[in-house]
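The values are calculated or read from the model by the stated rules, or taken from the named source; none is laboratory data. Small disclaimer: the values here were computed from a predicted structure and weren't measured. Quick reminder, even Gly has a Cβ in these numbers, built from the backbone with ideal geometry, and neighbours come from all protein chains shown. Just so you know, the surface numbers come from the protein's heavy atoms only, side chains and all, with ligands and any DNA or RNA stripped out. Shrake-Rupley method; radii C 1.70, N 1.55, O 1.52, S 1.80 Å.
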Amino acid sequence: MEQEWQNDAGALTAQAIPQKDVEQACFHALGLVGRNCEYLEQHLARVGADEQTRQAVNDISAAAARLDRTMNEVMTLLDFLRAEEPPQLSPLDLCQMLQQIAAQADMVQEQLDVELTLDYGGLTSCRVMADCSDAELLCLHLLSNALHACGAGGKVQLTLRRYESFWKLTVLDDGCGLPETSREAWLENRRCFLGGAGLGLLLCRECCRRMGWDLQVEQRAPEKGTRAVVTIPLCDEPMPEPTVELRSDCSPVRTQQQYQLRNMLVRELRTMPERGGMEDL
């Protein structure tokens, strides 16, 4: 009997999970929460409300955004587990993607009071073999981790350098650091990442594995904060010359990519409640 139970339990696979039904149920509920938050915000703006009531609605909205992000992370991991073939890699200008992310520095500064900078050493392009969706997911999650770790007045720097056989993308922050260093560091890290499921770094590592990249995360020393380093192989095969669209600032493709990246970052910033909210009390 025990052997039969083990065989039945071993039959469960990622393909057996009704992913679409789970997505529909969860995101339908999240949609209702979001619409009701919008209604409450509009209602309170008309009738007036005390600061604590307004903050409570803001915290509910931020919590719903974090739950939405966590569900997306879980569904993405399930997609990775269900994939029967590795992703098809194609040429990607990493410099362009990083520039599009860094173009949102004003929004990050305004909402979080964190300075976001990009240093790519004067490179005009950095063409790598990648899955565009995986590369965007990787960069935005590494940025999100750095932003969560920083307090007001913090700094996050994206750095890209080329070496003899690889590119190196580094994300530096001066935030809470890794939790393993001390009890105080663990408590500060827990406070900064309160409400998260810890799936972001797992997704980053899986994105790198799928593309043949490498990710290392380490404590900065002697400075405070964390250093995440992505090592990207140089292309073995000759790369085609960039098209006019890739070089044009007004290219429809580039405009669409920037719009998508901005929307992804906006959604991520919504997961961070305003400092001083009821969640922090």
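Collect the residues in the range 33-66 that are within 25 Å of N145 (Cα to Cα) and either in contact with a Pro (Cβ under 8 Å, 6 or more places away or on another chain) or touching a residue at least 40 places away in the same chain (Cβ under 8 Å) (or both), keeping them in residue-number order. Correct list: Q55, A56, N58, D59, S61, A62, A63, A65, R66. Here S144, S125 are screened, and the one residue that is of a type in the set (S, T, N, Q) and either surrounded by 19 or more Cβ atoms within 10 Å (Cβ to Cβ) or assigned to a helix (DSSP H, G or I) (or both) is S144.
All conditions but one from (1) modelled with pLDDT under 85; (2) of a type outside the set (D, E, K, R); (3) over 30 Å from L138 (Cα atoms) apply to L44; the one that does not is (1).
Would you mind finding the one in E23, E38 that is of a type in the set (D, E) and either touching a strand residue (DSSP E or B) at 6+ places or on another chain (Cβ under 9 Å) or modelled with pLDDT of 85 or more (or both)?
Working: E23 fails: either touching a strand residue (DSSP E or B) at 6+ places or on another chain (Cβ under 9 Å) or modelled with pLDDT of 85 or more (or both).
Going through E23, E38 in turn, just one is of a type in the set (D, E) and either touching a strand residue (DSSP E or B) at 6+ places or on another chain (Cβ under 9 Å) or modelled with pLDDT of 85 or more (or both): E38.
Under the condition of being assigned to a helix (DSSP H, G or I) and without any contact (Cβ under 8 Å) to a residue 12 or more places away in the chain, the residues counted in the range 80-100 number 0. Contact annotation: residue pairs with Cβ atoms under 7 Å, 6 or more positions apart or on different chains, pairing a residue in the range 210-229 that is charged (D, E, K, R) with a partner that is part of a loop (DSSP other than H, G, I, E, B) and open to solvent by less than 20 Å² (accessible area, probe 1.4 Å), are K224/G177.
Out of the residues in the range 147-184 meeting the condition of being among the hydroxyl-bearing types (S, T, Y) and in a loop (DSSP other than H, G, I, E, B), tell me which one is nearest to the chain's Cα centre (by Cα). Break it down into steps so the answer makes sense when it comes.
If we filter the range 147-184 for residues that are among the hydroxyl-bearing types (S, T, Y), which is where we start, we get 159, 163, 165, 170, 181-182.
Imposing the further condition that a residue be in a loop (DSSP other than H, G, I, E, B) reduces the set to 163, 165, 181-182.
Values: Y163: 26, S165: 27, T181: 24, S182: 26 Å.
Looking at residues that are among the hydroxyl-bearing types (S, T, Y) and in a loop (DSSP other than H, G, I, E, B), I get T181.
Take the range 94-129 and flag every residue that is of a type in the set (G, A, S) and within 26 Å of R267 (Cα to Cα).
The initial filter retains those residues of the range 94-129 that are of a type in the set (G, A, S), namely 102-103, 105, 121-122, 125.
Residues satisfying the conditions are A102, A103, A105.
Going through (1) open to solvent by 30 Å² or more (accessible area, probe 1.4 Å); (2) free of Cβ contacts under 8 Å to residues at least 12 places away in the same chain; (3) more than 27 Å from V128 (Cα to Cα) one by one, C26 falls short only on (2). Filtered by the rule that a residue be under 11 Å from V156 (Cβ atoms) and not in a loop (DSSP other than H, G, I, E, B), the range 101-122 gives I101, A102, A105, V108, Q109, L112, E115, L116, T117, L118. When C204, C208, C235, C192 are screened for being exposed (fewer than 14 other Cβ atoms within 10 Å of the Cβ) and either of a type outside the set (S, T, Y) or modelled with pLDDT of 85 or more (or both), only C235 passes.
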